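The values are calculated or read from the model by the stated rules, or taken from the named source; none is laboratory data. Everything numeric in this text was worked out from a predicted model, so none of it was measured. For neighbour counting, all protein chains shown are included, and Cβ atoms are generated from backbone atoms with ideal geometry for every residue, glycine included.
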There are 2 protein chains.
Amino acid sequence: MKRVKLIVAYDGTNYCGWQQQPNAITVEGILNEALTSLLKEEIRVIGASRTDSGVHAKGNVAVFDTCSPIPAEKISYALNQRLPEDIVIQKSEETSLEFHPRRCNCVKTYEYKILNSDFPSPTHRLYSYFVYKKLDLEKMKLAATFLVGEHDFKSFCSIHAQVESTVRTIYSIEWKQDKDLIHIIICGNGFLYNMVRIITGTLVQVGMGFYQPEHVREILELKDRKAAGPTAPAKGLQLNEIRYEV
Amino acid sequence: MKRVKLIVAYDGTNYCGWQQQPNAITVEGILNEALTSLLKEEIRVIGASRTDSGVHAKGNVAVFDTCSPIPAEKISYALNQRLPEDIVIQKSEETSLEFHPRRCNCVKTYEYKILNSDFPSPTHRLYSYFVYKKLDLEKMKLAATFLVGEHDFKSFCSIHAQVESTVRTIYSIEWKQDKDLIHIIICGNGFLYNMVRIITGTLVQVGMGFYQPEHVREILELKDRKAAGPTAPAKGLQLNEIRYEV
């Protein structure tokens, strides 16, 4: 038996998120079906990040065990033949039987796109959050600096989350701008439920002038979800990469 | 009566191109319906560029005449309320009654996106041409230089086109690369039917090593569609902008 690791990219638009559910089409559900049909044995993948409905991924990670003689690195090609166009395996490789994608230390990179223009863009509509009020990017960048480092992110966590600790480390928040499109690239050792979307929603409030950048420090200290801004829409978010420490 | 000029953006994925046709959903058809319903008079727009099925636009131009008292610059907002998400008016303004979007001199900018990677990308699948064979970008750039200037582009024109002259001027071909995504930005005084897609298809042949860059000069001289490369897929193409000379 071997354990196979997959790098999975998907357009989240037409899926009820990653996690398998009865009566809903999910990325995990589609992967399990395609793998079971390909390998002729019941397969249940374990995913690294259970992304929400509408969230996209360039590099989510999943593993499964199989006795199939197909070489691990060939599984990507065979599996892509059985997957819809909006889910594409980017890589498959054999990994250690001890490797568990949620229990191993890793660095995750998320990217959030905001379209800041007078009118929405048809071709970006499914992959960005449209904001027509002109954003003050310099204030947003300053506000973001208060979030970098190890903090208790309780204010930036959905009240529906069930976790022991809300302390996380953000390693970096980088910005890229391509005309009207603002990219926020956040890198950390793990993210709470809705954390990137609440951070973005809060930074947008700063960019609109509703809070001063320094207020973000107070929001952190209050440890209260109601202190932070709204949850930005799922469609602007993409899980770019998960890097495991070796 | 006044003439109103619209800047129209659309995601071409779900349309049988710009031009109105019986029994097909087209951008022009949808615009005519929405304008007729908004202005309570029969409206038939005249478009600048009759883009093909699947081609996208950031800035196509259309005009129409109306007796409506709604100020021209407010029509964009009212019209967007009646349009689907994949067609968005970016601007509306009054223009001269003599202005005809196809008869006036203009500079058009098209952008073609190629995804050059081992596997397709789900979120770029509708907006780029996926090529997995590694492309030699330097050779493609050199080949493109032979196309800049005034030339007879008969070799780069669909045999189905009916035009008097196949001479056009390309002002510039610019390149942008963002990781695996190659953008070709072509600017000219007019383009023949399928011209940008045939140019791209030919440059991809060069990038794959099937022709030397200098062969593009011979293709031009042959004035024969069969001498050029294949027509690259519509979905990679976007009409970025049309600038009229004043």
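For the reader, a short list of remarks on this structure follows.
- Matching option when the condition is in contact with a Ser or Thr (Cβ under 8 Å, 6 or more places away or on another chain) and in the same structural domain as residue B:89 (by TED's automatic domain parsing), among B:73, B:33, B:28: B:73
- Only residues that are assigned to a helix (DSSP H, G or I) and either crowded, with 20+ Cβ neighbours inside 10 Å or within 13 Å of chain A (Cβ to nearest Cβ) (or both) were counted across the range B:53-73, and they come to 1.
- Close Cβ contacts (under 7 Å, 6 or more residues apart or on different chains) running from residues in the range B:98-120 that are farther than 30 Å from residue A:77 by Cα to residues that are modelled with pLDDT under 95 and among the charged types (D, E, K, R) comprise B:105/B:245; B:106/B:245.
- Meets criteria (within 11 Å of chain A (Cβ to nearest Cβ) and out of contact with any strand residue (DSSP E or B) (no Cβ under 7 Å at 6 or more places or on another chain)) for residue B:86: no
- Flag for residue A:126 being in contact (Cβ under 8 Å) with a residue 40 or more places away in the chain, in contact with a helix residue (DSSP H, G or I) (Cβ under 6 Å, 6 or more places away or on another chain) and under 16 Å from residue A:236 (Cα atoms): yes
- So residue A:128, is it crowded, with 20+ Cβ neighbours inside 10 Å, at pLDDT 95 or above, over 30 Å from residue A:148 (Cβ atoms) and of a type outside the set (A, V, I, L, M): no
- Of all the listed residues (A:83, A:115), the sole one being within 30 Å of residue A:178 (Cβ to Cβ) and in the same structural domain as residue A:186 (by TED's automatic domain parsing) is A:115.
- Summed over the range A:24-51, residues that are assigned to a loop (DSSP other than H, G, I, E, B) and more than 23 Å from the chain's Cα centre (by Cα) total 4.
- Within the range A:104-124, the residues that satisfy the criterion of being within 25 Å of residue A:193 (Cβ to Cβ) and either surrounded by 21 or more Cβ atoms within 10 Å (Cβ to Cβ) or not hydrophobic (A, V, I, L, M, F, W, C) (or both) are A:105, A:108, A:109, A:110, A:111, A:112, A:113, A:114.
- Residue, farthest from residue B:220 (Cα to Cα), within the range B:136-150, restricted to residues that are surrounded by fewer than 19 Cβ atoms within 10 Å (Cβ to Cβ) and touching a helix residue (DSSP H, G or I) at 6+ places or on another chain (Cβ under 6 Å): B:136
- Hits in the range A:9-28 (condition: over 14 Å from residue A:85 (Cβ atoms) and out of contact with any helix residue (DSSP H, G or I) (no Cβ under 8 Å at 6 or more places or on another chain)): A:16, A:22, A:23, A:24, A:26, A:28
- Condition check for residue A:103 on (1) modelled with pLDDT under 95; (2) assigned to a strand (DSSP E or B): one failure, at (2).
- Unique residue being modelled with pLDDT under 95, surrounded by fewer than 18 Cβ atoms within 10 Å (Cβ to Cβ), farther than 23 Å from residue B:110 by Cα and more than 17 Å from the chain's Cα centre (by Cα) when the list is B:21, B:81: B:21
- Residue pairs meeting the criteria (Cβ under 6 Å; at least 6 apart or on separate chains; first without any contact (Cβ under 8 Å) to a residue 12 or more places away in the chain, in the range A:29-45; second hydroxyl-bearing (Ser, Thr, Tyr) and surrounded by 12 or more Cβ atoms within 10 Å (Cβ to Cβ)): A:42/A:36
- Of everything in the range A:89-117 that is in contact with an Asp or Glu (Cβ under 9 Å, 6 or more places away or on another chain) and facing chain B (nearest Cβ under 10 Å), the residue that is farthest from residue B:121 (Cα to Cα) is A:117.
- Residue A:191 being in contact with a strand residue (DSSP E or B) (Cβ under 8 Å, 6 or more places away or on another chain), aromatic (Phe, Trp, Tyr) and closer than 22 Å to residue A:53 by Cα: yes
- Here residue B:93 clears all of (1) under 24 Å from the mean Cα position of the chain (by Cα); (2) among the acidic types (Asp, Glu); (3) not in a strand (DSSP E or B) except the condition numbered (3).
- The set of residues from the range B:137-173 being under 21 Å from residue B:204 (Cβ atoms), touching a residue at least 40 places away in the same chain (Cβ under 8 Å) and either within 20 Å of the chain's Cα centre (by Cα) or not assigned by TED's automatic domain parsing to the domain that holds residue B:224 (or both) comprises B:144, B:147, B:151, B:153, B:154, B:155, B:156, B:157, B:158, B:159.
- Candidate set from the range B:190-227 (those that are in contact with a Cys (Cβ under 9 Å, 6 or more places away or on another chain) and aliphatic (A, V, I, L, M)); member that is surrounded by the most Cβ atoms within 10 Å (Cβ to Cβ): B:195
- Subset of the range A:29-44 [out of contact with any strand residue (DSSP E or B) (no Cβ under 7 Å at 6 or more places or on another chain) and under 14 Å from residue A:83 (Cα atoms)]: A:29, A:32, A:33, A:34, A:36, A:37, A:38
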